[in-house]
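Enquirer: Dumping the structure here so I can ask a few things about it.
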Amino acid sequence: MQNFFKKTLPFLTLFSLALGSLNGQTRDSDSTQLQMDTTPVVKKLEAINKISGPNSDIEAVAISPTGKILAAGGWDKNVYIYSLELENFGEVLHTFKYHSSAILSLSFDVRGQNLVCGSNDHSLTTWNVDSALNTGSKSQDFAINTVIHGPSAKYIYSCSKEGMIKLWDMKDPKRTRSVDLKQKTNSFRLSKDRKFIYAAGASNTITKYNLKGVEVGALEGHSAFINEISLSPNGSLMASASDDKTVVVWELLKLKQKIVLEGHTAKVNAVAFTSDNKYIISGDRSGEVIIWEIETGDIIKRIPGLGRSIRNISISRYMDYIAVASYENTGDAHVVYYCSTGIVNIALDKKRQAAERKENAKRKQKEREENYDNEDIEDILNETQDQF
C-alpha cells in the first residue's frame, strides 16, 4: 500500500489542484493544499561575470565547443572545469591534478569531450572531460606554451618555448613527428590544410615554415615582440598581438598586411577570431579587451577593468561570450572573467536555439523515463481512478 501511494501521489496532487481551479477556490498561506507558483523566473547572466578561479594567477582558458563548460588553469598547477549552464553557472565540475608547474595552454577537441593541457613543467596531459580521467601524458625538453588538438582526439600538436614542435600520435608513439624551428617561440599555428607552420617568437616577425622546418615565408610589420598569433576559422587570415600595442591582421595567401588595428594603450598579449571570421577580440596588459570589426577596423566594444594583465582569451562558438584569463591586482580574489560580447549572429543564434531545444527534449525524455521507472502508465492511472 505504501508503494502504491508513492506511485500515485503526483497524480493525486495534480487532480487536487485541478479541482481547486475548477471550483474557483483561493489558497492563502495557511492552506494545507499545495500551491503552484506561476511567477515567471528569468535567469540571466551579467555583462561581466566573475567565476571563482584557482588560487593563483590564471594563464589559460578554453570554452568547449558545446559552450557548456569552461576549462581554466594557471600557476596553482591545476586545471578546473566549470559549468557555464545557467542552473549551476560557475560550479566546479572537475579538478584535474597532475602537473608540477603552471598550466600555460588549453585546447578542446572538436566535440568538446577531450582536453589537452600544456604546462611549464615541460609536459602535456590529455583528459576525458566527462569521466575526468587522465588519458595520456607526454614530455618535451622545455616548457610547453602552446597545445592544439588535431582533427581527432588521437592527434595533439605542441610547441616548446625553444621552438620544438611535435605532432603526437597518442595511440601510436612510434608515429610521433618533430619539427625544430631553431628559434624561441611564443606562439604557433598550423595552416588550415596543416601543411605549414606559422610561429612568432622573440622578434617582430611571424615566420612561415614547411613541415620539415624550412622557412618559406615571413610576415613583417610589427615594431616589437609578438606575443600571440591566431588563425581565422576559414584559414585565410592571421592576427598577431604585439608589444607595440597593435593587432595586425594578415592575408595569408598574399603574405601581407590586411589592416592594422590601433586602440590599445598597453602591450597586447592575447588575440582570437570569432567563428564567423568577421571580428577579432584582443586583450592587453592594462586589463582591457577590445572587440574589432575586421573589414572596417572599427572598435565595436571596449571592456576595461579585467584584472591587471590579460593572458588568454577564448570565444564561445556562438560568439555571445568570451572567457578571459588575467592576472589580478594584489589582494584580489583570482577569477575567470566571463563577458558578454554584445555580438549576435542570427544564423549562429538559430543553430544555438535549435541545439538547446534538442538538448532540452532529450533531458525531458530522460526525466520522464526515470520518474516512471519503466512502470506501465495506464496501470497507474487506472489505480488512481479507482480511489475516487
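Enquirer: Compute the length gained on full extension between residue 366 and residue 203: take 0.36 nm times their separation in residues and subtract their Cα-Cα distance, giving the result in nm to one decimal.
Expert: The residue 366-residue 203 span can extend by a further 53.1 nm.
Enquirer: Here's another thing I want to ask about it. Compute the Rg/Rh shape ratio of region 247-334: radius of gyration over Kirkwood radius, all on alpha-carbon atoms.
Expert: Rounded to two decimals, Rg/Rh equals 1.00.
Enquirer: While we're looking at this one, here's another question. Compute the signed sum of charges (Lys and Arg +1, Asp and Glu -1) over the other residues within less than 10 Å, Cβ to Cβ, of residue 244.
Expert: 0
Enquirer: For 142, 108, what ranking results if the residue with the fewest other Cβ atoms within 10 Å of its Cβ goes first?
Expert: The fewest-first ordering by Cβ neighbours comes to 142, 108.
Enquirer: Moving on to the next point. Based on other C-beta atoms within 10 Å, arrange 82, 98, 321 from fewest to most.
Expert: Listing 82, 98, 321 from fewest to most nearby Cβ atoms yields 98, 321, 82.
Enquirer: Stretched out fully, how many nm does the piece from residue 46 to residue 137 gain, at 0.36 nm a residue minus the Cα gap?
Expert: So the extension gain works out to 29.0 nm.
Enquirer: Separate question: Taking a threshold of 31 Å on the Cα-Cα distance, which of the pairs 68/174; 212/258; 50/166; 138/192 fall above it?
Expert: Over 31 Å Cα-Cα: 68/174; 50/166.
Enquirer: If each residue of separation counts as 0.36 nm, what is the full-extension length gain between residue 300 and residue 260 once their alpha-carbon separation is subtracted?
Expert: Full extension from residue 300 to residue 260 adds 12.9 nm.
Enquirer: How big is the Cα convex hull of region 125-264 in projection, averaged over all directions, in nm²?
Expert: 9.3 nm²
Enquirer: Quick check of the Kirkwood formula: for region 116-159, what is the inverse mean of 1/r over all pairs of different Cα atoms, in Å?
Expert: Hydrodynamic radius (Kirkwood, Cα pairs) of region 116-159 is 10.6 Å.
Enquirer: With a 10 Å Cβ neighbour count serving as the proxy for reagent exposure, in which order, fewest first, do 159, 339 appear?
Expert: Listed from fewest to most nearby Cβ atoms, that is 339, 159.
Enquirer: Where the centre of each part is set by its Cα atoms, how far does region 53-84 sit from region 96-129, in angstrom?
Expert: Their Cα centres are 10 Å away from one another.
Enquirer: To check my understanding: the extent here is largest minus smallest coordinate of the Cα atoms along each principal axis. What are those three numbers for region 182-224, in Å, largest first?
Expert: Sorted largest first, the three principal extents are 29, 19, 16 Å.
Enquirer: Here's something else I'd like to know. Is the shape of region 198-289 best called rounded, prolate or oblate, per the rule: a/c under 1.5 gives rounded, else a/b larger than b/c gives prolate, else oblate, with a ≥ b ≥ c the square roots of the Cα gyration tensor eigenvalues?
Expert: oblate
Every number in this text was worked out from the coordinates using simple rules, so none of it is lab data. This is a predicted model, so every value here is computed, not measured. Glycine also receives a Cβ, built like all others from the backbone with ideal geometry; neighbour counts cover every protein chain displayed.
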